[in-house]
Amino acid sequence: MKADQCELYATKLLGERVTAYSEAHSMALPQFLRDYNAKILHEQPTTSNYMISTFQSQALVWLARLMGAKRVLEIGVFVGYSTMAWSHAVGPEGTVTGFEFNADYAKQAEAAFEQNGVKKCELIVGDAVKQLPSFKPAEPYDLIFIDAQKSGYPAYLKTILANSQPGSQNRLLRAGGLIIADNALRWGLVADASEANPRRTMESSGTSEYWKSDDIKCLREYNESVHASERLEEFLCPLWDGVNLARLLD
């Protein structure tokens, strides 16, 4: 197709059916991951939007395996679903480290790891904005996944780049590693917060003026900083809630 843009699905129902078809014809997830995802959706309907979908999980697991990732750093664990997906991606020889601000969420995540036999997942409880600058891993990570408070995204990027300098010891991300930031478009408000976007006036975020919140400003700043960095090659994917993919060149 020569056009850059098109109306993907003419109706919501068609979109649901095409997505279901695509998910069914993509690399399968283990049943325990699907079961845990469904459990959180059922038991925590208000906060389950902090969790990535099973379809997005398939894409991220495939991407991690494509690049041969064995070490993943996750900023924002919630109750551990995505952490377990990353663990599945890197395999039994790989490791996953996660930062989670909420101690209760971290406790739920660790319980889920134990119940599902997931090993080599280390959680660090606390504010990653404050803790990440002094964090010194034994080896650099292959992939860093950001899915925490949106106002912290610019600080995370700044720290990752500052602490991943060529030739430095204990660098966070290896050369050629990926930085993946979730919610990079935030209901499309990052790209278009005008009245043309029906999400502008929706109150699912708790405020009808979310479109001019710090979250949207910081996500926009994050995308601009990634795009402006000579050390990164990026692709801003408009699927799900927007996924910013950036490869560290050095």
Does the stretch 96-134 hold any residues that are surrounded by fewer than 17 Cβ atoms within 10 Å (Cβ to Cβ), part of a strand (DSSP E or B) and of a type in the set (Gly, Ala, Ser), and which are they? none
Condition check: out of contact with any Phe, Trp or Tyr (no Cβ under 9 Å at 6 or more places or on another chain) and closer than 28 Å to GLN131 by Cα. Does LEU73 satisfy that? no
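Residue-by-condition table, conditions (1) touching a strand residue (DSSP E or B) at 6+ places or on another chain (Cβ under 8 Å); (2) touching a residue at least 12 places away in the same chain (Cβ under 8 Å):
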| residue | (1), (2) |
| --- | --- |
| THR159 | no, yes |
| SER168 | no, no |
| ALA175 | yes, yes |
| ILE180 | yes, yes |
| ARG199 | no, yes |
| PHE235 | yes, no |
Going through the stretch 169-183 one residue at a time, which ones are assigned to a loop (DSSP other than H, G, I, E, B) and more than 19 Å from GLN131 (Cα to Cα)? ASN183
Would you mind listing the helices (runs of 4 or more DSSP H) fully within the stretch 4-79 where at least 2 residues are surrounded by 17 or more Cβ atoms within 10 Å (Cβ to Cβ)? 31-43, 54-66
For residues in the stretch 219-242 being at pLDDT below 95 and hydrophobic (A, V, I, L, M, F, W, C), which is nearest to ARG186 (Cα to Cα)? TRP240
Close pairs (6 angstrom Cβ cut-off, 6 or more residues apart or separate chains): among the acidic types (Asp, Glu) in the stretch 14-34, assigned to a helix (DSSP H, G or I) anywhere: GLU23/PHE55
What about TYR50, is it among the aromatic types (Phe, Trp, Tyr), modelled with pLDDT of 95 or more and within 24 Å of GLN131 (Cα to Cα)? no
Pairs needed: first member in the stretch 100-126, closer than 17 Å to PHE145 by Cα and polar (S, T, N, Q); second member anywhere, modelled with pLDDT under 95 and surrounded by 15 or more Cβ atoms within 10 Å (Cβ to Cβ); C-beta distance under 8 Å; at least 6 residues apart or different chains. none
Is it true that some residue in the stretch 111-127 is of a type in the set (S, T, N, Q) and touching a helix residue (DSSP H, G or I) at 6+ places or on another chain (Cβ under 8 Å)? yes
Select from the stretch 142-164 the residues that are of a type in the set (S, T, N, Q) and either in a helix (DSSP H, G or I) or at pLDDT below 95 (or both) and list them in ascending order. GLN149, SER151, THR159
Run LEU60 past the list (1) touching a strand residue (DSSP E or B) at 6+ places or on another chain (Cβ under 6 Å); (2) in contact (Cβ under 8 Å) with a residue 24 or more places away in the chain and report the number of the one that doesn't hold. (1)
Single residue of the stretch 194-216 satisfying the filter (surrounded by 15 or more Cβ atoms within 10 Å (Cβ to Cβ) and within 22 Å of the chain's Cα centre (by Cα)) that is modelled with the lowest pLDDT: SER205
Just one of (1) surrounded by 15 or more Cβ atoms within 10 Å (Cβ to Cβ); (2) within 21 Å of the chain's Cα centre (by Cα); (3) part of a loop (DSSP other than H, G, I, E, B); (4) on the phi < 0 side of the Ramachandran plot trips up LEU239, so point out which. (1)
If I ask for residues that are under 13 Å from ILE179 (Cα atoms) and of a type outside the set (S, T, N, Q), which ones from the stretch 207-236 would you list? TYR222, VAL226, HIS227, ARG231, LEU232, GLU233, GLU234, PHE235, LEU236
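The values are calculated or read from the model by the stated rules, or taken from the named source; none is laboratory data. Worth saying up front: this structure is predicted, and the values here are computed from it rather than measured. Glycine also receives a Cβ, built like all others from the backbone with ideal geometry; neighbour counts cover every protein chain displayed.
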